[in-house]
Amino acid sequence: MSETEFRLIPEVTPETEHFWRGGERGELVFLRCESCRNYIHPPSPVCPECLSRELSPEPVSGHGTVATYTVNHQPWNPSVKVPYVIALVEIDEQPSVRLMTNIVGCDPEDVHVGMRVRVKFEEQDDVYLPLFEPEA
Amino acid sequence: MESIERRASISGIGQSAIGRRLNRSDLDLTIEAALEAIADAGLTRDEIDGIASYPGGGGALPPGFSGPGTPEVQDALRLKVGWHMGGLEGPAQLAPVINACLAVAAGLANHVLVYRTVTEATAQGSGRRGGMGLGAPDRRVRGIFQWMLPYHAYSAANWVALYAQRHMHEFGTTREQLGAIAINARRNAGGNPKAIFREPLTMDDYLNARMITTPFGLYDCDVPCDGSTAVIVSRVEHAGGSNAPVKVNAVGTAIRGRPTWDQWDDLTTMAMRDAAAQMWSRTDLKPADVEVAELYDGFSWLTLAWLEALGFAAKGEGGPFVEGGKRIAIDGELPLNTSGGQLSAGRLHGFGLLHEACVQLRGLGGERQAGAPKVAVVAAGGGPIAGCLLLTR
């Protein structure tokens, strides 16, 4: 997938800005509870574990594991080249936090469950979408 | 504890013409189904005092997905109702049926018209099945879809495929096993004059069809259609019309995991796990008592996942359960999706399955009749929505 291809993009809000714009600094950022240290995704005003409201954005390593994937062949959107890989990636710091994403930088046929990946951001207007590529 | 859904029955069923491009309005189809259901229940429209539907009218839903809202149908038939609802949130497409049971049990209504209408085939015209969100003028997505659509995951096919793939990885489920569900549906559709696709489907046809999103090929995906299905939910005391009412034995509505596609706790099952467990907790009947199963098949793997969730197969063993298709055939130990399901009969969105369960319990299935079943299960939904019904005669 090229850097400039069409994508739908999120509407950035004050609640999601840390996530959608962290890529400007090359950082994958989640809200984290200052009390119980739980990572929270999607963003919420309250920690779902301990109900603390003391939450702050914190970067993670950007490394993770493919929990599952699908190779999409259907041209739902004629302006997007197929096939491409949609995956759920579990982040290393807290595997219960998953991101739906695309796996890029490899042949779609090479993607597998358990594959180690790292984040790679794609800039689209004012957002930086976290995609993932194979670890070197 | 009394399961108060047993104070309700399904006293009438009706279904409009079903087709690929009927070019009739959703209200027109709905009235056809509703009047048939009302007559089947031995009632007149003056006796209908409740109305409910999924997903209700309006909203930013794909073209042809919503039928008419309940106010339009109420007004068209000049109904005077003591209870009404329409909406998208709840235990999947069966939510209005379950809610109607509770409304009847609570005494808010005696006879509720419940319907689901789709005109997706006409709305899509001769074009491809569209992706979600692509019509947004500013290409911005909001709410839960912001976590999925930016990655070109435009369809439920993609979202369900992620789960199917993980199920294959953990349990060795195969495409041939998913194919057994599609082939069974097509064989059963041969006995359903209203089914969209009735010509036989072979395993070669299935495996050689074009890939949509791995592991789903074309025949793993249901077929958009136009049509309306209606049922009348009545107080159980109502004697019904010439066909006896079908009794509601138990309902399942629970969702105990995180209610999203990406954060759900177990990537090999869905909300069906919780709805099914709750349904069995409300009855003395067991999976072994069920003689016909009408399980949601928006995508083939969802049916397999429902088979596991409902306890017909152990976790991870849905694949071997359906393999070869004998067990799930009309004359097998658990006849499955006897009218062809959504994969072959058309995407009536859960209500086609509900209608067929009633047909089977009344013994009116004709050449597709699966013996003389006394207990049937109906399940609808995939992902973070699920609802199920245990019905008896």
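Each reported figure results from applying straightforward, stated rules to the coordinates on display, with no laboratory input. The structure displayed is predicted, hence computed values, not measured ones. All Cβ positions, glycine included, derive from the backbone under ideal geometry; neighbour counts span all protein chains shown.
Here the contact order of chain B, divided by its residue count and restricted to Cα pairs under 8 Å and six or more residues apart, works out to 24 percent. Taking GluC sites (Glu not before Pro) across segment A:1-50, the ones in a DSSP loop with at most 16 further Cβ atoms lying within 10 angstrom of their Cβ are A:Glu3, A:Glu5, A:Glu11, A:Glu15, A:Glu34, A:Glu49. When B:Leu201, B:Leu29, B:Leu22 are arranged by Cβ crowding within 10 Å, least crowded first, meaning fewest neighbours, the order is B:Leu22, B:Leu201, B:Leu29. Annotation for segment B:1-90: GluC sites (Glu not before Pro) lying in DSSP loop with at most 13 further Cβ atoms inside 10 Å of their Cβ are B:Glu2, B:Glu89. With one equal scatterer per alpha carbon and no solvent term, the Debye-computed log10 I(q)/I(0) for segment B:83-233 at 0.12, 0.19, 0.20 1/Å reads -0.77, -1.28, -1.29. Note on B:Ala244 and B:Met203: their simple-model spin labels are 4.1 nm apart, each label 7 Å out from Cα toward Cβ. Using Cα springs under 10 Å in a Gaussian network model of chain B, which residue among B:Asp222, B:Asp138, B:Asp205 shows the largest mean-square fluctuation? Evaluated over chain B, the most mobile residue of the options is B:Asp138.
Rounded to the nearest 0.05, what FRET efficiency is calculated for B:Leu35 and B:Asp138 with R0 set to 45 Å and r the Cβ-Cβ distance? It comes to 0.55. Taking 1.306 mPa s as the viscosity and 10 °C as the temperature, the Stokes-Einstein diffusion coefficient of chain B based on its alpha-carbon Kirkwood radius rounds to 77 µm²/s. Cut-off under 14 Å on the C-alpha distance; same-chain residues fewer than 8 positions from B:Lys247 excluded. Which aspartates and glutamates are left, in chain and number order? Within the straight-line cut-off, B:Lys247 pairs with B:Glu5, B:Glu237. By the count of neighbouring beta-carbon atoms within 10 Å, fewest first, B:Ile18, B:Ile31 end up ordered B:Ile31, B:Ile18. When the alpha carbon coordinates of the protein assembly as shown are projected onto the principal axes, the ranges are 71, 50, 46 Å, largest first.
Hey, which of these cross-link pairs are over 29 Å Cα-Cα: B:Lys315/B:Lys374; A:Lys81/A:Lys120; A:Lys81/B:Lys194; B:Lys80/B:Lys194; B:Lys80/B:Lys374?
Working: B:Lys315/B:Lys374 26 Å; A:Lys81/A:Lys120 19 Å; A:Lys81/B:Lys194 37 Å; B:Lys80/B:Lys194 32 Å; B:Lys80/B:Lys374 34 Å.
Over 29 Å apart, Cα to Cα: A:Lys81/B:Lys194; B:Lys80/B:Lys194; B:Lys80/B:Lys374.
Scanning chain B for DSSP H helices at least 18 Å long along the axis (C-alpha atoms) with a Kyte-Doolittle mean no lower than -0.5 picks out B:26-40, B:156-171. With the simple spin-label model, which puts each label point 7 Å out from Cα in the Cβ direction, the B:Ser281 to A:Arg21 separation comes to 4.5 nm.
Calculate the mean, over all residues of peptide B:212-219, of how many other protein chain Cβ atoms lie within 10 angstrom of the residue's Cβ. Mind dumping the intermediate values first?
Working: counts 5, 11, 11, 2, 4, 1, 1, 0.
Neighbouring Cβ atoms belonging to other protein chains average 4 per residue here.
Qualifying GluC sites (Glu not before Pro) in segment B:289-327, where qualification requires a DSSP coil assignment and no more than 13 other C-beta atoms within 10 Å, are lacking entirely. The peptide list B:240-253, B:181-194, A:71-84, put in order of mean Cβ contacts within 10 Å with the highest first, becomes B:181-194, B:240-253, A:71-84.
Pull up the cross-link candidates among the aspartates and glutamates for B:Lys326, meaning alpha carbon to alpha carbon under 14 Å and not fewer than 8 places away within one chain. Leaving aside aspartates and glutamates fewer than 8 places away in the same chain, those within reach of B:Lys326 are B:Glu176. For A:Asp126 and A:Asp107, the difference between the fully extended length at 0.36 nm per residue and the C-alpha to C-alpha distance is 4.0 nm.
Applying 1/(1 + (r/R0)^6) with r as the Cβ-Cβ distance of B:Glu333 and B:Arg256 and R0 = 30 angstrom yields a FRET efficiency of 0.50. For B:Asp75 and B:Ala314, the FRET efficiency from 1/(1 + (r/R0)^6), where r spans their Cβ atoms and R0 equals 30 Å, is about 0.05.
Per-residue Cβ neighbour counts within 10 Å put A:Thr16, B:Thr303 in the sequence A:Thr16, B:Thr303, beginning with the fewest.
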